Amino acid sequence: MSLGDSANVFIKIVSEAKAIQDISSITDSPDIADNVTQADIDVEIHNIQVSGITFSHNKTDDVLRDFSATFSAGKTYAVVGESGAGKSTLLDLILKFHVPDCGSVLVDGVDTRNITEKSLREHITMLGQETIIFNDTIRNNITYGLDVTQAEIESASAIACVDEVIESLPNGYDTVLHYRGTNLSGGQRQRIGLARAILRKPDVLILDESTSALDQKTKEKVLQNIFRAFATKIVIIVSHDPEIRSRVNHVVELFPLAKRELIYQESASEEKLPS
């Protein structure tokens, strides 16, 4: 057993070391062309406009082509579509993990090419399906370095519907979580992640399948709480759950390019038919 445990620890060290290298290759790279002046966002975001963007990962096969959409404050959005339609790519472009090959992403009329990554990501928070849990207290897992009050932590936990779970533990918010949260269920881990994102009070909250492990009743309560807490903000939800469509103000549906072109051709043919 000792040999097996040692092997597991070694594998984790190798895995984490590789992750550090991967992250460093991103953080150490230049943001964009040196001749572009970048500025910080100094006001609350009210509008994100995706204007005629085209993007491909390999410069040959487009994931998105001439795509446009608008996201406004005070509205909730569902981004839906089958696998390969470009949902994750769209989010990456909004957060400037990638820059469009053509077109632009505008934040209150300013191209994200002219906005610093740090500033953009301070105002926009994206939470994925898998929440990273550290071998630390629940409090530190939620605050994640933020200097906030206990009341703010408890408020975020209540919105994420994880407060009762935490308070039922012997040490409450001082309970130490195992590496990767193995002493929590999948739904509890996701709610810790939701509390972490909510605590940041972003202007734009993006949830990418972030409630997939929750039961339907809890999911409904969490979304209701988030919509209320972020009523004046922009909330974007990526989900395969058909119920999400009925709970948001607008649905942005993406199609793989081959299917999109087929729909366009069919629409064009129908328009030519005599009435």
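Listed here are the residues, each with its yes/no results for (1) in contact with a Gly (Cβ under 9 Å, 6 or more places away or on another chain); (2) of a type in the set (D, E, K, R); (3) over 14 Å from residue 125 (Cα atoms).
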site	(1), (2), (3)
203	no, yes, no
214	yes, no, yes
220	no, yes, yes
227	no, no, yes
Which of the residues that make up the stretch 24-59 are at pLDDT below 85 and surrounded by 10 or more Cβ atoms within 10 Å (Cβ to Cβ)?
24, 31, 32, 36
Does the stretch 95-106 hold any residues that are part of a loop (DSSP other than H, G, I, E, B) and either crowded, with 20+ Cβ neighbours inside 10 Å or not aliphatic (A, V, I, L, M) (or both), and which are they?
96, 97, 98, 100, 101
Selected residue (criterion: nearest to residue 106 (Cα to Cα)) from residues of the stretch 195-211 that are in a loop (DSSP other than H, G, I, E, B) and either in contact with a strand residue (DSSP E or B) (Cβ under 6 Å, 6 or more places away or on another chain) or at pLDDT below 95 (or both):
202
Within the stretch 1-23, residues being at pLDDT below 75 and either aliphatic (A, V, I, L, M) or closer than 18 Å to residue 100 by Cβ (or both) number 6
Quick test of your reading of the structure: residue 132 fulfils all but one of (1) β-branched (Val, Ile, Thr); (2) assigned to a loop (DSSP other than H, G, I, E, B); (3) crowded, with 20+ Cβ neighbours inside 10 Å. Name the failing condition by number.
(3)
Name the pairs: first residue in the stretch 129-145 and on the phi > 0 side of the Ramachandran plot, second residue at pLDDT 90 or above and part of a loop (DSSP other than H, G, I, E, B), Cβ to Cβ under 6 Å, at least 6 apart or on different chains?
none
Only residues that are buried (at least 20 other Cβ atoms within 10 Å of the Cβ), at pLDDT 95 or above and assigned to a loop (DSSP other than H, G, I, E, B): list them for the stretch 212-240, please.
230, 233
Test result for residue 146, modelled with pLDDT under 95 and within 21 Å of residue 44 (Cβ to Cβ)
yes
Within the stretch 172-190, work out how many residues are over 20 Å from residue 155 (Cβ atoms) and more than 22 Å from the chain's Cα centre (by Cα).
6
Considering only the stretch 79-91, I want to know if a residue exists there that is over 22 Å from residue 219 (Cα atoms), touching a Lys or Arg at 6+ places or on another chain (Cβ under 6 Å), surrounded by fewer than 21 Cβ atoms within 10 Å (Cβ to Cβ) and touching a residue at least 24 places away in the same chain (Cβ under 8 Å).
no
List the residue pairs whose Cβ atoms are under 7 Å apart, where the first residue sits in the stretch 163-187 and is closer than 17 Å to residue 198 by Cβ, the second is among the hydrophobic types (A, V, I, L, M, F, W, C) and outside any helix (DSSP H, G or I), and the two are 6 or more positions apart or on different chains.
187/213; 187/214
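The values are calculated or read from the model by the stated rules, or taken from the named source; none is laboratory data. This structure is a prediction, so every number in the text was calculated from the model and none was measured. No Cβ is skipped: glycine too gets one built from the backbone with ideal geometry, and neighbour counts run over all protein chains shown.
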